[in-house]
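So the structure is just underneath, and the comments pick up after that.
The values are calculated or read from the model by the stated rules, or taken from the named source; none is laboratory data. Since this is a predicted model, take the numbers as computed values, not measurements. Cβ sites come from the backbone with ideal geometry, for glycine too, and all protein chains shown count toward neighbours. SASA here: full protein model, heavy atoms, side chains in, ligands and nucleic acids out. Shrake-Rupley method; radii C 1.70, N 1.55, O 1.52, S 1.80 Å.
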Amino acid sequence: QVRLVVPMAVVFGPGSLPGDLPRPLPFRDVQEMEISVNLRTSVTARYEMLYRSTTGQEEAALAAATAREADAALHPLQDTTLGSLTTYVVPETSSLLPQGINVYVGKHRNALVRAVGRLAALQARLREVTQVMSFTASSIAAALSDRVPDGQLSPDARRYLKSSLGYEITFSLLNPDPKSHTVDWDIEGAVNRYVKPVLDKLSLVANFSVDSQILYYAILGVTPRYDKESSSFLLSAHSLPHVINPVEARLGSSAASLYPVLNFLLYVPERSHSPLYIQDKDGAPVSTNAFHSPRWGGIMVYNVEAPASPQTSLPLHVDVDMARVMEVFLAQLRLLFGLSREEVPPEFLLESPGNEGLADWELDHLLWAHTVENIATVSTTLTSLAQLLDKIGNIVIKDDVASEVYRAVASVQSAVTELSRGHLHAAFQASKEAVTSSERAFFDPSLLHLLYFPDDQKFAIYIPLFLPMAVPILLSLAKIVRETRQRKKEPTKMD
């Protein structure tokens with residue numbers, strides 16, 4: 001049984017106290033929520049809230065002109081422990097929050113909440129804040145998607161990447177018509193400027209490696225439809241799934257990879273199919289001219305302007321606008337990791353994470369989900385290993401395999417304990433160690449089931465080999481026995 005504990009400080013600014021507080025500040029309160037996964041499994045979410053009033057430094061920070069300035073000033077004063085939250089309650093008439101906005105969520109681990117008259121209404125608002133900034137029932141269900149009945153799973157649950165110790169990111173430029181286009185893209189500079197800050201922050205979650213390639217004469221495999229009205233070519237939504245397979249055969253990156261590969265493809269259409277636009281299900285053009293594939297990556301179509309003069313010499317030189325391209329690819333990367341911000345209530349205002357690509361609380365959101373998923377993965381792996389050992393009684397368990405199993409069990413128990421204490425970082429590290437040990441034990445070459453046979457299989461294999469040899473031997477033995485008996489019955493001759 002897994003219990004997720006979220007430490008949360010609720011800090012009241014001057015003039016924001018509800019009239020029905022049960023006791024004087026500071027005091028503690030606990031709220032629990034049961035997240036049902038299936039008939040046998042459930043996860044308990046426990047929010048441990050400390051209600052207190054602001055310090056002098058916090059009051060000075062809350063006197064800032066805008067919520068963004070207040071968030072920056074409050075950051076050095078708050079608890080920076082992974083998984084912890086700090087919520088500042090400001091007066092109902094405060095000008096920090098814009099009109100119609102009741103909650104401001106900053107880049108770090110704090111939020112500003114507009115005060116309401118009664119404590120029950122404030123707690124309901126705080127519950128929404130914790131759902132946004134830590135985890136929701138749907139994010140936990142998505143992490144445990146293998147155990148959730150299909151009917152109860154949201155459509156987006158299988159879109160997110162499974163937890164892994166590492167990921168490989170491949171940026172590919174597809175130029176199907178090099179005779180017409182010479183494409184130049186500064187992928188190294190773009191990765192250092194746009195992708196590296198995001199991966200530096202995600203390095204806590206997993207190891208990342210990035211590579212790039214240019215593929216010539218690589219076509220999409222789907223013939224686009226020509227539209228006379230717009231004088232352009234169109235790719236409809238139902239044809240997009242058929243685009244990936246022909247291209248994937250050319251990528252060659254996932255064949256030798258130990259970790260999941262995320263493919264981001266920039267496709268420059270050939271002259272005969274330019275300009276090329278992607279349509280959504282309603283037939284409207286997609287503004288980014290890109291689409292993403294769950295757990296695989298994304299493809300962006302980059303159209304080249306036709307030359308002004310027909311006599312222009314070929315090939316045309318094309319400089320790719322990497323800022324526009326990377327904006328799309330980073331948005332797709334966030335989608336693949338389940339960091340979409342679409343399900344936020346309308347009265348919430350979320351601060352943009354800026355160059356870092358994701359806020360501190362979004363990193364926590366990812367760690368909560370991956371820790372729970374790792375615990376479930378270890379449980380499944382060790383259960384499968386136990387079932388294998390039960391089926392094959394004569395299997396040999398070496399000492400190093402046994403020690404990996406013991407280490408996995410100890411690590412997963414440590415992860416569960418740390419979660420129940422509210423120590424997210426320690427729990428995540430323990431869950432990663434548990435996954436590593438359990439995988440080593442399960443995939444140890446000495447446990448290869450082909451090395452061990454049940455007794456009935458041994459008979460089935462060896463009888464056809466020995467029976468043809470055994471028949472003449474048995475007949476010869478029978479003949480010898482018969483002759484021996486006849487010799488004993490014959491009277492012995494006496495001289």
Partner lysines for K488 [C-alpha distance under 16 Å; skip if fewer than 8 residues away on the same chain] = K479
Taking N as the residue count of the chain, its alpha carbon Rg divided by 2.2 N^0.38 Å gives 1.40
How far is helix 119-133 tilted off the main Cα axis of the chain, in degrees rounded to 10, range 0 to 90?
-> 60 degrees
Charge tally for neighbours of D444 with beta carbon under 11 Å away, counting Lys, Arg as +1 and Asp, Glu as -1, is -1
Any idea what angle helix 455-489 forms with the longest principal axis of the chain, computed on alpha-carbon atoms, 0 to 90 degrees, nearest 10?
-> 10 degrees
Ignoring ligands and nucleic acids, what accessible area does S94 show with a 1.4 Å probe (Å², nearest 10)?
-> 20 Å²
L465/L388 FRET efficiency (R0 22 Å; Cβ-Cβ; nearest 0.05) = 0.20
How much mean residue ellipticity at 222 nm does the chain get from its helices, if each DSSP H run of length 4 or more adds -39500 (n - 2.57) and you divide by all residues, to the nearest 500 deg cm²/dmol?
-> -12000 deg cm²/dmol
Please find the FRET efficiency linking S203 to S313, where r is the Cβ-Cβ separation and R0 is fixed at 35 Å, and quote it to the nearest 0.05.
-> 0.15
Around M33, with a cut-off of 15 angstrom between Cβ atoms, what is the net charge of the other residues, counting Lys and Arg +1 and Asp and Glu -1?
-> -2
Can you tell me which of 12-25, 360-373 comes out highest on packing, and rank the rest after it, using the mean Cβ neighbours within 10 Å?
-> 360-373, 12-25
Whole-number percent relative contact order across the chain, with pairs defined as alpha carbons under 8 Å at least 6 apart | 16 percent
May I have the extent of the alpha carbons of segment 360-447 along their three principal axes, as whole Å values ordered from largest to smallest?
-> 50, 19, 17
Solvent exposure of the chain as accessible area per residue, Å², 1.4 Å probe | 53 Å²
For segment 80-219, what's the radius of gyration and Dmax over Cα atoms, in angstrom?
-> 22.3, 71
Taking square-rooted eigenvalues a ≥ b ≥ c of the alpha carbon gyration tensor, is segment 201-322 rounded, prolate or oblate, where a/c under 1.5 means rounded and, failing that, a/b exceeding b/c means prolate?
-> prolate
Excluding residues on the same chain fewer than 8 positions from K391, give the lysines whose Cα lies under 24 Å from its Cα.
-> K458
Counting Lys +1, Arg +1, Asp -1, Glu -1, what net charge surrounds T81 among other residues with beta carbon under 11 Å of its beta carbon?
-> -2
Nearest 10 degrees, 0 to 90: what angle lies between the long axis of helix 399-421 and the longest principal axis of the chain (Cα atoms)?
-> 30 degrees
How about K432: which lysines have a C-alpha closer than 20 Å to its C-alpha, ignoring those fewer than 8 places off in the same chain?
-> K162, K201
What ranking do 276-288, 46-58 get when scored by the average of other Cβ atoms within 10 Å per residue, highest first?
-> 46-58, 276-288
Please report, as a whole percent, how much of the solvent-accessible surface of segment 360-447 comes from carbon and sulfur atoms (probe radius 1.4 Å).
-> 56 percent
